[in-house]
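The values are calculated or read from the model by the stated rules, or taken from the named source; none is laboratory data. Keep in mind that this is a model prediction, so the values were computed, not measured. All Cβ positions, even for glycine, are placed from backbone atoms using ideal geometry, and neighbour counts span all protein chains on display. All accessible areas refer to the heavy atoms of the entire protein, side chains included, with ligands and DNA or RNA removed. Shrake-Rupley method; radii C 1.70, N 1.55, O 1.52, S 1.80 Å.
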Amino acid sequence: MKFHVLTLFPEMIEQCCAASILGRAQSKGQISVSATNIRDYAENKHGHVDDYPYGGGAGMVMQAGPICRAFDAVTSGIEGEKHPRVIYVTPQGQVFSQKMAQELAREEDLVILCGHYEGVDERALIQIGAEPVSIGDYVLTGGELPALVMIDAIARLVPGVLNNSESAEDESFSDGLLEYPQYTRPEVFRGEAVPEVLLSGHHANIAKWRREQSLIRTGERRPDLLESADLSSKEKRFLQEYMTRDSENT
Ligand code: ADE
């Protein structure tokens, strides 16, 4: 899968994606991340890519010209010149989710536009067919960190990027629930022992305990997720009983 990032800070994208699992995936040719500097497509000698907003107001707006020219340069390099999916990272977008990551991981090419200043001329977004996506209800100084968050979440779902021990199978959100607690050696740490069942070697009991822990954790931390999780009536009863017991004890 190829990520094409349009940005004013290409080094932020390149440096982050050169490290760790994304770096390894790039070396193996499983993904590629290229960052195009929008400023290279300015047509004035100062390299300005922003201007005052029509109608007044604070801040500067990124101009349509440099963005559209950078986009054309990127897409002309895509095989068959197919129109790729284009994401514009902005707090005004639909909120990014694991489901969206799974859907985007099936794309061959993905263009991500990072904004700065007060925003981007709306005509650029229409011209390049950008879909607005937010990573959460807070405002950052620019789109580079959101773009990196999305690239990381999508890339790890591309087949082969994670090896067996890093596998994405049994983890938070994959079945609509939060992941169960994990433990490793030592068996006792500062007086706190690992739950007995995990040492038993009894696979069915371990699986049952983990499922219950996932249910409890989701109920306590993210009850909103339970509405769309796929739970059996036995699991619903278990959770109901646990939550009633828990609220009686507090
Ligand atoms: N740019 C600034 N804040 C953002 C956010 N929360 N999500 C996506 N892009 C952004």
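The figures follow:
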read-out: Test: residue in segment 149-156 that is in contact with an Asp or Glu (Cβ under 6 Å, 6 or more places away or on another chain), of a type in the set (A, V, I, L, M, F, W, C) and either away from the ligand (no atom under 16 Å from the Cβ) or open to solvent by 30 Å² or more (accessible area, probe 1.4 Å) (or both); value: no
read-out: Residue within segment 81-92 that is at pLDDT below 95, open to solvent by 30 Å² or more (accessible area, probe 1.4 Å) and either in contact with a Leu (Cβ under 8 Å, 6 or more places away or on another chain) or part of a helix (DSSP H, G or I) (or both) present; value: yes
read-out: All positions within segment 111-142 that are within 12 Å of the ligand (Cβ to nearest atom), assigned to a loop (DSSP other than H, G, I, E, B) and not aliphatic (A, V, I, L, M); value: G115, H116, Y117, E118, G136, D137, Y138, T141, G142
read-out: Failed criterion for D40 (all others in (1) under 22 Å from V161 (Cα atoms); (2) not in a loop (DSSP other than H, G, I, E, B) hold); value: (1)
read-out: I38 open to solvent by less than 50 Å² (accessible area, probe 1.4 Å), touching a Ser or Thr at 6+ places or on another chain (Cβ under 9 Å) and hydrophobic (A, V, I, L, M, F, W, C); value: yes
read-out: Residue selected from segment 132-147 under the condition in contact with a strand residue (DSSP E or B) (Cβ under 6 Å, 6 or more places away or on another chain) and more than 19 Å from G59 (Cα to Cα), by the criterion surrounded by the most Cβ atoms within 10 Å (Cβ to Cβ); value: A147
read-out: Residue match in segment 159-171 (condition: within 16 Å of the ligand (Cβ to nearest atom), within 18 Å of S32 (Cα to Cα) and not hydroxyl-bearing (S, T, Y)); value: no
read-out: Qualifying residue in segment 29-37 (condition: in the same structural domain as E107 (by TED's automatic domain parsing), in a helix (DSSP H, G or I) and within 26 Å of the chain's Cα centre (by Cα)); value: no
read-out: Failed item, numbered, when G176 is tested on (1) within 16 Å of the ligand (Cβ to nearest atom); (2) in contact with a Ser or Thr (Cβ under 9 Å, 6 or more places away or on another chain); value: (1)
read-out: Selection count, segment 114-131, where residues are over 16 Å from V49 (Cα atoms), buried (at least 16 other Cβ atoms within 10 Å of the Cβ) and out of contact with any Cys (no Cβ under 8 Å at 6 or more places or on another chain); value: 1
read-out: Positions within segment 93-110 being outside any strand (DSSP E or B) and within 13 Å of the chain's Cα centre (by Cα), in sequence order; value: F96, S97, Q98, K99, M100, A101, Q102, E103, L104, A105
read-out: Residue in segment 5-28 that is touching a Gly at 6+ places or on another chain (Cβ under 6 Å) and not hydrophobic (A, V, I, L, M, F, W, C) present; value: no
